[in-house]
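The structure under discussion appears below in the form of structure tokens.
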Ligand SMILES: NC(=O)c1ccc[n+]([C@@H]2O[C@H](COP(=O)([O-])OP(=O)(O)OC[C@H]3O[C@@H](n4cnc5c(N)ncnc54)[C@H](OP(=O)(O)O)[C@@H]3O)[C@@H](O)[C@H]2O)c1
């Protein structure tokens, strides 16, 4: 039964969310140097494994270096290429050091999968006295990734080639109550990229943003029941693989754009409905 629900959910996302043939992925990433942030778990780890299997040299970045090294060892043992880098994206100096290290070690980065992220579901009332959580979420989801790309994009532009894939969320299109800090940080990075994308496209560098719905990972587990329809890590990685082949500017489930348009035209009613739901759930 759950299998049928999950298959139906995949259909609801549309054909552009399906996997691509392995040969096409190999042609897109084989022998490329691909930096995957947030590769110590979830979508990032799954993506790193998929891309390494397709012939990429994957650079794995996150804070939990032991996990990254374990993944790098598994990839290397199965004939792939992987290098682990410990970094806290909320630390500007550590981000600059990561840029310096990967360029010194590999000479270039061809692709960045900007995936590391911090999730926080918290009402305004519960944020009282905890504003540092909002600031930290911004550092991990916006300022750190923007700083990282500021260090890596010049090399891509100079070579006239490169691709950035931003792993983002439906919260950017459909902001909802109790997700202010997370949604605003994701939207800030998306807006940064919307300004930067045309500048770098002129030099042959492409930017893709993927607005994911629920993916069952360590991040979503405390908030969403595992029985809810959602993507597996493997399916999410396949979507990123597809984006690396087709290089669309934006990947969102087909129904999100009309719903987001309706929500923005009828913003008052959209917010009133949410307020009513919050009253009921009190
Ligand atoms: N799961 C969903 O339903 C969903 C939906 C839409 C979008 N997304 C996005 O998908 C991305 C991946 O999330 P996930 O679901 O795969 O969750 P996850 O398993 O918790 O992965 C998050 C990754 O980000 C890394 N990270 C967190 N803080 C970091 C920091 N300060 N510096 C460096 N790395 C940091 C974590 O590594 P360390 O802890 O080792 O640093 C981990 O590797 C996120 O950007 C998230 O916003 C997820």
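Before moving on, here are some points about what is shown:
- Test: residue 56 is near the ligand (Cβ under 10 Å from one of its atoms), in contact with a helix residue (DSSP H, G or I) (Cβ under 8 Å, 6 or more places away or on another chain) and touching a residue at least 40 places away in the same chain (Cβ under 8 Å): no
- Scanning the range 104-122 for residues that are closer than 20 Å to residue 51 by Cα and within 11 Å of the ligand (Cβ to nearest atom) yields a total of 5.
- Candidates 229, 248, 253, filtered to the one that is more than 16 Å from the ligand (Cβ to nearest atom), touching a residue at least 40 places away in the same chain (Cβ under 8 Å) and either touching a helix residue (DSSP H, G or I) at 6+ places or on another chain (Cβ under 8 Å) or assigned to a loop (DSSP other than H, G, I, E, B) (or both): 248
- Out of 100, 94, 116, 104, sole residue that is surrounded by fewer than 23 Cβ atoms within 10 Å (Cβ to Cβ), at pLDDT 95 or above and under 27 Å from residue 201 (Cβ atoms): 100
- Odd one out for residue 125, checked against (1) within 10 Å of the ligand (Cβ to nearest atom); (2) surrounded by fewer than 19 Cβ atoms within 10 Å (Cβ to Cβ): (1)
- Among the residues of the range 59-77, those that are away from the ligand (no atom under 13 Å from the Cβ) and surrounded by fewer than 17 Cβ atoms within 10 Å (Cβ to Cβ) comprise 73, 74, 76, 77.
- Annotation: residue 35 fulfils all but one of (1) more than 10 Å from the ligand (Cβ to nearest atom); (2) over 20 Å from residue 114 (Cβ atoms); the unmet one is (2).
- Of the residues making up the range 199-226, those that are at pLDDT 95 or above and more than 12 Å from the ligand (Cβ to nearest atom) number 10.
- Index of the failed condition, residue 180 passing every other in (1) without any contact (Cβ under 8 Å) to a residue 60 or more places away in the chain; (2) more than 12 Å from the ligand (Cβ to nearest atom); (3) under 26 Å from residue 52 (Cα atoms); (4) surrounded by 18 or more Cβ atoms within 10 Å (Cβ to Cβ): (3)
- Whichever residue in the range 193-221 is assigned to a loop (DSSP other than H, G, I, E, B) and over 19 Å from the mean Cα position of the chain (by Cα) and, among such residues, is surrounded by the fewest Cβ atoms within 10 Å (Cβ to Cβ): 202
- Evaluated against (1) touching a strand residue (DSSP E or B) at 6+ places or on another chain (Cβ under 6 Å); (2) within 21 Å of residue 13 (Cα to Cα), residue 217 falls short on exactly one condition, (1).
- Of residues in the range 78-101 being more than 14 Å from the ligand (Cβ to nearest atom) and touching a strand residue (DSSP E or B) at 6+ places or on another chain (Cβ under 9 Å), the one nearest to residue 61 (Cα to Cα): 83
- Checklist (1) on the phi > 0 side of the Ramachandran plot; (2) at pLDDT 95 or above applied to residue 64, failing item: (1)
The values are calculated or read from the model by the stated rules, or taken from the named source; none is laboratory data. Because the structure is predicted, anything quoted here is derived from the model rather than measured. Here the Cβ is made from the backbone with ideal geometry for all residues, glycine too, and neighbour counts use every protein chain on show.
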